[in-house]
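Reviewing the structure listed below.
The values are calculated or read from the model by the stated rules, or taken from the named source; none is laboratory data. Predicted model, so just to flag it, every value in this text is computed and none were measured. As a convention, Cβ positions derive from the backbone with ideal geometry for all residues, glycine included, and neighbour counts pool all protein chains shown. All accessible areas refer to the heavy atoms of the entire protein, side chains included, with ligands and DNA or RNA removed. Shrake-Rupley method; radii C 1.70, N 1.55, O 1.52, S 1.80 Å.
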Amino acid sequence: MNLSAHNTLRLPARADDVIEVLQVSSLSAISDALGEQPRCILGSGSNVVLHAPINATALLCRITGRAITDQGVLIASAGENWHELVMWSLAQGFAGLENLALIPGTAGAAPIQNIGAYGVELGDRLIRVTAWDFQERCLKQFENADCQFSYRNSIFKNPEVQGPWNRPRYFITEITLQLTAIPLATVQTEYADLRAAFDKLGRAPTPLEVAQTVIGIRKKKLPDPADIGNVGSFFKNPVVSQLQAQHLSLLHPDLPRYPMPEQSADLCKVSAAWLIERCGFKGARRGDVGVHDGHALVLVNHGGGTGREILALAHEIQQAVVAKFGVFLEPEPMFMPEG
Ligand SMILES: Cc1cc2nc3c(=O)[nH]c(=O)nc-3n(C[C@H](O)[C@H](O)[C@H](O)COP(=O)(O)OP(=O)(O)OC[C@H]3O[C@@H](n4cnc5c(N)ncnc54)[C@H](O)[C@@H]3O)c2cc1C
């Protein structure tokens, strides 16, 4: 079964079989049927690089359902479309997800890398994750602290907990979030692009205005996977020591730096896009894959690109950035197979 329609890079990897998971209650029977056979989990495929044949059964998460209480507790099934959920929660009168508008993917995948944008991360709003445990064959709950959220990371990316890509232990079935009634909400507009957009407004923007502005900025900055295959940012912004950041800044005063006081005063993120652009990759093309000409962090499939070509380009970029700046770029999407 070809998975090109199930990953936004549109790589033509084949899986042994595909099962659409439509209900939580079917996971028990699926566990029995698969036994110890290899399996992998896919939501919308907007954060995976399927670079080779997937010798496993792909479980597509398609469980839907959503509800919100008067107190702003939002419960979403894992197969809900994330962006639709954000806009729906605002329409119900609750704020908190507006900065995360237009991120592709499913609600169930959102905790995996603790999705984040414009100064807000999922972990800032999440109460708990519910997941099917393939090992103990029951549902389990992970409270916010159990998820060990950090920048683009969570316990579900830890192979010692989640296992290898072709035997994931936990299938997320539901997430529970705490939102705030719009009249009581304060919006987060510290991020430079948002500050600039609302500079002259003369009042705090509404959560809906923040969402609309985020959508506008994202549409201008990022290529739409419907037009050209991509997984958004291909690399994480590297986290370096303050000392290394200062050293880099002395040599390159225009390198964007983002302090991380909530994690450690000694650490600092630097812009991966800037590093890649300075190595001359923006708009570069290698066969049918390349680096987007509008955003150096986005690798694209121009049509007939292969997983092997994407990996080769990613490797070429990593080597060039290490050679020029001494900084290693860690990929953001998950590789299936690993490596
Ligand atoms: C144009 C574009 C822009 C993007 N912008 C951002 C951004 O601003 N911020 C950001 O954080 N991300 C961004 N992303 C990345 C992506 O949208 C998110 O990581 C999203 O949460 C992935 O959802 P998905 O359903 O497509 O997951 P998939 O790509 O299908 O899966 C991702 C990982 O999660 C696992 N997984 C998926 N569903 C489940 C489940 N139910 N249970 C257990 N494991 C599961 C998969 O096995 C895989 O390891 C962007 C991607 C694109 C294409």
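Mind listing the phi-derived Karplus ³J(HN,Hα) values for the stretch 224-234, rounded to whole Hz, using 6.51, -1.76 and 1.60 with θ = phi - 60°, and x for any glycine or proline?
With the stated coefficients, the stretch 224-234 comes to 7, x, 5, 9, 8, x, 6, 10, x, 5, 7 Hz.
Multiply the residue separation of D133 and V161 by 0.36 nm, subtract the distance between their alpha-carbon atoms, and state the gained length in nm to one decimal.
The span from D133 to V161 would gain 9.0 nm if fully extended.
Give me the extension gain from Q148 to Q242: residue separation times 0.36 nm, minus the current Cα-Cα distance, reported in nm with one decimal.
Working: separation 94, 0.36 × 94 = 33.84 nm, distance 2.33 nm.
So the chain would gain 31.5 nm between Q148 and Q242.
Of K221/K282; K157/K324; K157/K221, which sit over 19 Å apart, Cα to Cα?
Violating the 19 Å limit, Cα to Cα: K157/K324; K157/K221.
Accessible surface of E20 in the full protein assembly, 1.4 angstrom probe, to the nearest 10 Å²?
100 Å²
Which cross-chain or sequence-distant (5 or more) residues have an amide H under 5 Å from the amide H of I19, H modelled 1.01 Å from N in plane?
When sequence neighbours closer than 5 places are left aside, the close amide H contacts are A58, L59, L60.
Per-residue HN-Hα couplings for the stretch 38-45, Karplus 6.51 cos²θ - 1.76 cosθ + 1.60 at θ = phi - 60°, whole Hz, x for Gly and Pro?
x, 9, 9, 10, 10, x, 9, x
Under a 5 Å amide H to amide H cut-off, with H placed in plane at 1.01 Å, what residues pair with F235 once short-range neighbours are removed?
E332
For the stretch 229-336, what does the accessible surface come to per residue with a 1.4 Å probe? Please give it in Å².
46 Å²
Enter the accessible area of V129 (Å², nearest 10), with the probe set to 1.4 Å and all protein chains included.
Approximately 0 Å² for this residue.
Under a 1.4 angstrom probe, counting protein chains only, how are W132, W88 ranked by accessible area, largest first?
W88, W132
Using all alpha carbons of the chain, what is the percent of pairwise distances in each 20 Å bin, ordered from the shortest bin to the longest?
Answer for the chain: a P(r) of 29, 60, 11, 0 percent.
What do you reckon, how do K236, K220 stack up by accessible area (1.4 Å probe), largest on top? Spell out each step's value before the answer.
Details: K236 20, K220 185 Å².
Result, largest first: K220, K236.
How would Y151, Y191 rank on accessible area, largest to smallest, probe 1.4 Å?
The most accessible residue leads, giving Y191, Y151.
If I histogram all Cα-Cα distances within the stretch 229-336 using bins 10 Å wide from 0, what percent of pairs lands in each bin?
Bins of 10 Å from zero give 15, 46, 28, 11, 1 percent of pairs.
Which value, in Å², gives the accessible area per residue of the stretch 1-90 when a 1.4 Å probe is used on the protein heavy atoms?
In whole numbers, the stretch 1-90 has 42 Å² accessible per residue.
Can you pull out the GluC sites (Glu not before Pro) in the stretch 104-177 that DSSP calls coil and that have at most 16 other Cβ atoms within 10 Å?
Working: sites: E121, E136, E143, E160, E174; in loops: E136.
The qualifying sites are E136.
Just read off the accessible area of C138 with the full protein assembly in place, 1.4 Å probe, to the nearest 10 Å².
Rounded to the nearest 10, the figure is 50 Å².
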